[in-house]
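The values are calculated or read from the model by the stated rules, or taken from the named source; none is laboratory data. Just so we're clear, the structure is a prediction, and the values are computed from it rather than from any experiment. Virtual Cβ from ideal backbone geometry, glycine too; neighbours counted across all protein chains shown. When the accessible area is computed, the model is the full protein with side chains, heavy atoms only, and any ligands, DNA or RNA have been set aside. Shrake-Rupley method; radii C 1.70, N 1.55, O 1.52, S 1.80 Å.
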Amino acid sequence: MGKVIAIDGPGGAGKSTVSRIVGERLGFLHVDSGALYRIVTWQCLERGVDTGDPAAIAKAAEEISIEARPEAGRVAFFVDGEAPGDRIRTPQIDENASKVAREKPVRDKVTAMLRSLAALGDIVVEGRDITTAVFPDSPARFYLTASAEARAERRRRQEAGKGIAGRTREEVKAALAARDAMDSSRKYAPLRKADGAVEIDSSDLTLEETVEALLAALPAEYGAARAAGGRTGA
Ligand code: DC
């Protein structure tokens with residue numbers, strides 16, 4: 001089994017970007033666990049499943065087959081041989097993912113899949129329950145957060161960069177707060193800071209400073225000393 005870096009935190013905290021860079025620096029495969037919940041949501045919607053119907057979600061979750069393959073520094077996921085791409089990044093998926101992700105059969109399926117990925121090598125996995133439920137015994141666990149203002153502004157800029165509907169910061173902030181509330185209050189594996197996880201608040205940190213803070217807090221056996229200051233080679 002490979003080494004695992006586990007990162008949780010609310011939406012817009014920078015988990016994806018930070019995980020990707022940490023993965024690149026250390027040679028760990030990046031795993032976006034949210035993509036798996038998005039894929040299950042997408043497949044539910046494709047099959048006409050009502051996301052308010054737990055039994056229908058459970059049935060769909062059982063039927064969906066997701067394949068995982070290492071590809072260009074990350075673990076890529078496929079459904080029927082196809083990469084989902086931007087089909088899992090729509091506002092409709094955003095709205096429905098929390099409802100699908102709160103169902104136990106969905107969580108069990110995704111959790112089992114995530115655990116199996118450690119056999120592929122060293123991984124950096126980001127999500128909402130990675131430090132608490134999926135890899136609670138990893139010696140490298142982080143809670144990455146930022147103020148609601150900072151997170152909303154980052155998400156708004158990301159959306160603008162992708163040419164997605166021009167929502168205001170207040171609108172993005174309200175949508176993030178609604179999803180955080182659902183992710184934090186659900187019955188199974190809610191988002192919370194794990195006991196013993198290292199908290200990094202990135203509100204006033206640059207991306208580089210956030211990455212460096214995480215690398216600095218890794219146990220020695222993760223080889224982060226060699227990767228620190230990666231871009232400058234210092
Ligand atoms: O991080 P994201 O926005 O791509 O996550 C999509 C949804 O999946 C979101 O509602 C949170 C949920 N999720 C989860 O419940 N557990 C995880 N480990 C990752 C994501």
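In the full protein context, segment 7-107 carries 42 Å² of accessible surface per residue, based on a 1.4 Å probe and ignoring ligands, DNA and RNA.
Relative to the Cα centre, the charge distribution of segment 30-119, modelled as +1 at Lys and Arg Cβ and -1 at Asp and Glu Cβ, gives a dipole magnitude of about 320 debye.
Within the chain, antiparallel bridges make up roughly 30 percent of the DSSP beta bridges whose residues both belong there.
For the chain, the fraction of C-alpha pairs farther apart than 32 angstrom is 16 percent. Residues considered: Arg107, Arg20, Arg115. Largest GNM mean-square fluctuation over the chain, using C-alpha springs under 10 Å, is found at Arg115.
Run lengths n ≥ 4 of DSSP H only: what is the helix-derived mean residue ellipticity at 222 nm for the chain, with -39500 (n - 2.57) per run over all residues, to the nearest 500?
Numbers: 9 runs with 105 residues, N = 234.
Here the helix-only value at 222 nm equals -14000 deg cm²/dmol.
The H on the amide N of Arg186, modeled in the peptide plane, is under 5 Å from the matching H of Leu191, each at least 5 residues off or on a different chain. Amide hydrogen proximity for Ile200: with H placed 1.01 Å from N in the peptide plane, the residues at 5 or more positions away or on another chain lying under 5 Å are Tyr143, Leu144, Thr145.
Using a ≥ b ≥ c from the Cα gyration tensor of segment 1-101 (square roots of the eigenvalues), is it rounded, prolate or oblate, where a/c under 1.5 gives rounded and otherwise the larger of a/b and b/c decides, a/b for prolate? Mind showing how you got there, number by number?
Numbers: a/c = 2.19, a/b = 1.68, b/c = 1.30.
Taking the square roots of the gyration eigenvalues as a ≥ b ≥ c, segment 1-101 is prolate.
Rolling a 1.4 Å probe over the protein heavy atoms of the chain, with every protein chain left in place, gives an accessible area that is 50 percent carbon and sulfur.
If you take the square roots of the eigenvalues of the alpha-carbon gyration tensor of segment 68-137 and sort them as a ≥ b ≥ c, do you get rounded (a/c under 1.5), prolate (a/b over b/c) or oblate? Verdict is oblate for segment 68-137.
Farthest toward the dipole's positive end in segment 118-234, which of Leu207, Phe142, Ala175, given Cβ charges of +1 (Lys, Arg) and -1 (Asp, Glu) about the Cα centre? Value computed over the given set: Ala175.
In percent, rounded to a whole number, the relative contact order of segment 1-158 is 47, using alpha-carbon pairs under 8 Å and six or more apart.
Going down the table (Lys104/Lys162; Lys15/Lys173; Lys3/Lys187; Lys109/Lys173; Lys3/Lys99), which pairs top 26 Å between alpha carbons?
Numbers: Lys104/Lys162 33 Å; Lys15/Lys173 17 Å; Lys3/Lys187 29 Å; Lys109/Lys173 30 Å; Lys3/Lys99 31 Å.
Table pairs above 26 Å Cα-Cα are Lys104/Lys162; Lys3/Lys187; Lys109/Lys173; Lys3/Lys99.
Only Lys, Arg, Asp and Glu carry charge here, each on its Cβ (+1 for the first two, -1 for the last two); on that basis the chain has a dipole of about 120 debye about its Cα centre. Over every Cα atom in segment 119-234, the radius of gyration and the widest Cα-Cα span, Dmax, amount to 16.3, 46 Å.
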